[in-house]
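Remarks on the structure that follows.
The values are calculated or read from the model by the stated rules, or taken from the named source; none is laboratory data. In this text, all values refer to a predicted model and were calculated from it rather than measured experimentally. Because the Cβ atoms are built from the backbone with ideal geometry, glycine has one as well, and the counts that use them run over all protein chains shown.
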Amino acid sequence: MHCLINYMEVEKPLSWDNLLVEVGFGRGDFTVRLARENPDRVVLGFELSGISIEKLLKRVKRENIKNVFCVPMDAFWGFYFLLKDSSVEKIFMNYPDPWFKKKHHKRRLTSERNLYLFARKLKDKGEIVVRTDHYPFVEYTLRESEKVQAFKHKLKELDVEEPLTKYERKWLSMGKKLYELRLIKVKEPKPTPMPKVREVKEVFPVKVESKEINIGALENREERLEEQVVLKTFRVFEGKNSYLVEVLLSEEGFVQKFFVELRKKNESWIVDLSKFSQVLRTEKIQRTVEFIAKEVLRP
């Protein structure tokens with residue numbers, strides 16, 4: 001398998017066990033070191049930065065590293081869709097964004113919802129290893145982990161005797177305090193409400209039995225299809241006997257942007273997911289196609 005995993009096309013969940021996972025690998029230095037120290041393990045990284053991913057791909061190819069894989073996806077959804085329960089040995093979070101403002105705390109990687117999901121994917125005695133320079137983030141993580149009721153913890157300050165990156169060594173030399181928090185899974189987590197986003201194998205086109213359609217009804221719309229499912233349409237692009245509608249769909253916080261195509265066929269129109277769109281096919285994408293087919297018939 002290529003180092004870069006296309007999460008929209010692979011068979012899910014992935015078959016790997018005893019995974020080492022890094023959330024937000026940045027420059028990739030830690031990822032590569034982890035892979036070299038554990039040549040018999042798969043090292044999987046989640047990262048949203050395209051630049052970081054490109055750098056890692058080039059380095060892995062240049063240094064002929066065979067056990068590193070990465071996914072350009074938010075870590076929560078990566079764990080949600082891709083990983084089996086009890087398949088991960090360790091999860092590493094190196095200096096995650098603390099999201100300092102209280103109103104942004106729900107975005108933190110160590111929120112109750114995230115820790116619940118991570119705990120499910122961890123094997124027994126598996127660990128989450130967090131390094132941070134922000135002690136309130138440590139306190140927050142401990143409070144959230146207590147809600148999950150799956151972990152015991154170990155906390156220490158890092159010192160120069162630890163295996164450090166060059167940046168950590170520099171920060172310590174400047175007198176900065178660095179912390180390492182380990183959350184060790186000791187039992188299954190307390191049930192926590194989770195989003196329900198389901199993948200389907202195929203999205204089916206919808207036939208509109210009409211010569212004329214009201215394509216203007218689709219531009220710049222926002223509709224709540226159901227609770228926690230919001231559809232937005234933007235521009236409409238016209239082709240020869242066809243249209244492309246730019247769409248954003250948010251279901252339970254999982255956001256995808258894609259195109260829906262309307263093409264004329266004899267005396268009717270076919271509404272379908274555009275072949276130019278790379279998406280994770282979900283039940284709500286099918287619902288989007290059906291919604292658009294219905295809206296273009298409005299006067």
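The C-beta contact set for the range 250-272 (first residue assigned by TED's automatic domain parsing to the domain that holds PHE237 and more than 15 Å from GLN286 (Cβ to Cβ), second residue of a type in the set (Asp, Glu) and not in a strand (DSSP E or B), distance under 8 angstrom, 6+ apart or interchain) comprises GLU267/GLU209; SER268/GLU209. Restricting attention to the range 87-114, the residues being basic (Lys, Arg) and closer than 14 Å to THR141 by Cβ number 4.
All of ILE65, ILE91 fail the test of being crowded, with 17+ Cβ neighbours inside 10 Å and either closer than 19 Å to ARG131 by Cα or of a type in the set (Asp, Glu) (or both), apart from ILE91. The set of residues in the range 167-189 that are under 20 Å from TYR140 (Cα atoms), of a type outside the set (A, V, I, L, M, F, W, C) and surrounded by 13 or more Cβ atoms within 10 Å (Cβ to Cβ) comprises TYR179, GLU180, ARG182, LYS185, PRO189.
Counting only residues that are in contact (Cβ under 8 Å) with a residue 40 or more places away in the chain and within 23 Å of the chain's Cα centre (by Cα), the range 274-296 holds 11 of them.
Set side by side, the residues GLU161, GLU157, GLU146 differ, and just one is surrounded by fewer than 19 Cβ atoms within 10 Å (Cβ to Cβ) and touching a strand residue (DSSP E or B) at 6+ places or on another chain (Cβ under 8 Å), which is GLU157.
Restricting attention to the range 207-224, the residues that are in contact with a helix residue (DSSP H, G or I) (Cβ under 6 Å, 6 or more places away or on another chain) and under 14 Å from LYS284 (Cα atoms) add up to 0.
Provide a single number: the residues in the range 32-55 that are under 18 Å from the mean Cα position of the chain (by Cα) and either crowded, with 19+ Cβ neighbours inside 10 Å or polar (S, T, N, Q) (or both).
The total comes to 8.
Look at ASN94 and say whether it is without any contact (Cβ under 8 Å) to a residue 40 or more places away in the chain, within 23 Å of THR31 (Cα to Cα) and not basic (Lys, Arg). Taking the combined requirement at face value, the residue does not satisfy it. Being closer than 18 Å to ASN241 by Cβ and at pLDDT 95 or above is the filter; apply it to the range 275-294 and report the residue that is surrounded by the most Cβ atoms within 10 Å (Cβ to Cβ). Selected residue: ILE292. Pull up the range 246-273, narrow it to residues that are in a loop (DSSP other than H, G, I, E, B) and over 23 Å from the mean Cα position of the chain (by Cα), then point me to the one that is surrounded by the fewest Cβ atoms within 10 Å (Cβ to Cβ). The residue in question is ASN266.
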